[in-house]
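The values are calculated or read from the model by the stated rules, or taken from the named source; none is laboratory data. Worth saying up front: this structure is predicted, and the values here are computed from it rather than measured. We place every Cβ from the backbone using ideal geometry, glycine too, and count neighbours over all the protein chains shown. To get the accessible areas, we keep the full protein, side chains included, count just its heavy atoms, and leave off ligands, DNA and RNA. Shrake-Rupley method; radii C 1.70, N 1.55, O 1.52, S 1.80 Å.
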Amino acid sequence: MPADRIDSYFVCATPRTGSSLLLGLLESTGVAGRPQAYFRSPDEPLWADRWRLPRTADGGIDYADYLRAALAEGRTGNGVFGAKLMWGTLDELVARLATVHPELAGDDAALLGRAFGRTRFVFLRRADVLAQAVSWLRAEQTGTWFVGGNGEISGNAGTGRAPRFDAAGIRHHVEVIEEHNAAWEAWFATRGIRPYRVRYEDLDQDMAATTRGVLDFLGLDAPAGDIVARHRRQADQLNQEWIQRYRAASAGG
């Protein structure tokens, strides 16, 4: 493996930034792993069942076994592993890795390096936080987080509930997005990490060019074939109506 090549990478984000879209695009290249949200705690038992991992005496999962299975699932033939991390997932992952490598507990970077090797980080943000908050609220209400995809463990079943405008809910999500983006920035800064920055708006404008930019950052050669989008855009006129209603209500109050 060339010296500038990585072993692993994480797409770091907050919900509704196009992370599933970007993961699908990266996977379609065949050289950037098979990135999924392997370390989201509610999904770990589902992944463990898919991988047929044995359970411990108390019904739990041996995390060393889980980690090995995730690495095997998320690697492409060139040995590169990819995964997605939301802000809350990072703390969960680090805490679990500390059970496997207790001598490194408290050192996030060392734990990630021990588990995943030479690792780089892609930070995906959305410039229009209000549009992101509206999309988040709607996905939360309907239970439909993506359409399309390729092997995700959850997120597209839906609840059958119709979306309902909720100004307070939108405002709450705006605040959470801003808090989590700030938390990511602080984490990168305190650990001396320089992530590759991707804006959702740029991804939406030119998926192939944005994906190739990520590959270049990772030290991976872009394939000659097409880069394929496996997820479909969900935003529609209802999203725009909610944005306008929220802005009108905010201006009036």
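Largest first, the extents of the alpha carbon coordinates of the range 1-111 on the three principal axes equal 41, 29, 29 Å. A 1.4 Å probe run over the chain, with the rest of the protein chains in place, finds 47 Å² accessible per residue.
Each Lys and Arg contributes +1 and each Asp and Glu -1, all at the Cβ; summed about the Cα centre of the chain, the dipole is approximately 340 debye.
Considering only the Cα atoms of the range 56-96, their convex hull presents on average a projected area of 3.6 nm². For the chain, the spread of Cα coordinates along the three principal axes comes to 56, 48, 36 Å, biggest extent given first. How much of the accessible area of the chain, in percent, comes from carbon and sulfur atoms when a 1.4 Å probe is used? Summing carbon and sulfur atoms, their accessible area is 48 percent of the total for the chain. Calculated on C-alpha atoms, the gyration radius of the range 66-151 divided by its Kirkwood radius gives an Rg/Rh of 1.04.
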